[in-house]
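Take a look at the structure below.
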Amino acid sequence: MHRRLRNESASSSPFTFSEETVLAQLLVQPRQTGAELARFQQITPQSMNVIVKSLLARGYLSSGKNLLDKRRKELYLTEQGTRMITSIQAEREEWLVGRVAEALTEEETQVLVKALPVLRTMVDRASRLGSDEHESEVPGEPEEESGE
């Protein structure tokens with residue numbers, strides 16, 4: 001289902017799968033480092049660095065140092081990045097709603113609707129995995145860096 005959902009809107013997305021995952025993750029959990037994003041995607045920090053540099057250069061991400069720990073370079077979505085990823089997610093949601101309406105009975109749809117909060121909680125917990133500990137240790141908003 002996930003592959004089909006991605007394929008349905010892939011033609012309209014200017015992002016690779018990995019780039020989209022980074023944008024979606026930062027929408028849910030902003031102020032992550034490249035290393036944290038690499039752990040989430042289970043790729044090397046060097047590979048994540050290539051993805052992040054591309055998104056920074058195209059204006060979808062920005063970076064800054066944490067106010068309390070200047071060694072911590074955090075990433076966050078720009079307005080353009082937020083607009084793009086929310087638009088892609090809305091397009092996919094619309095496609096999925098259409099498929100559900102075609103494939104399920106009213107009763108089956110109601111069962112699915114009741115299960116959504118539990119599924120959403122599972123996804124949220126999985127997407128925050130590994131970044132909650134660091135967030136509580138290093139509070140503070142990032143200072144935007146110039147020159148990137």
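Summary table
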| item | result |
| --- | --- |
| Cα lying deepest toward the dipole's positive end in the stretch 37-110, options L68, L104, L56, charges on Cβ | L68 |
| Cross-link partners of K65 among lysines (Cα-Cα below 27 Å; sequence separation of 8 or more within a chain) | K53, K73 |
| Inter-site label distance for R71 and A57 at 7 Å from Cα along Cβ, in nm | 2.9 |
| Efficiency of FRET from Cβ geometry, T105 and Q46, R₀ 35 Å, rounded to 0.05 | 0.10 |
| Rough spin-label spacing in nm, given labels placed 7 Å along Cα→Cβ, for A35 and R125 | 2.7 |
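Laboratory data are not the source of any read-out in this text; all were calculated from the coordinates shown. Remember, it's a predicted structure, so these values are computed and weren't measured experimentally. Note that we place each Cβ from the backbone using ideal geometry, even for glycine, and neighbour counts take in every protein chain shown.
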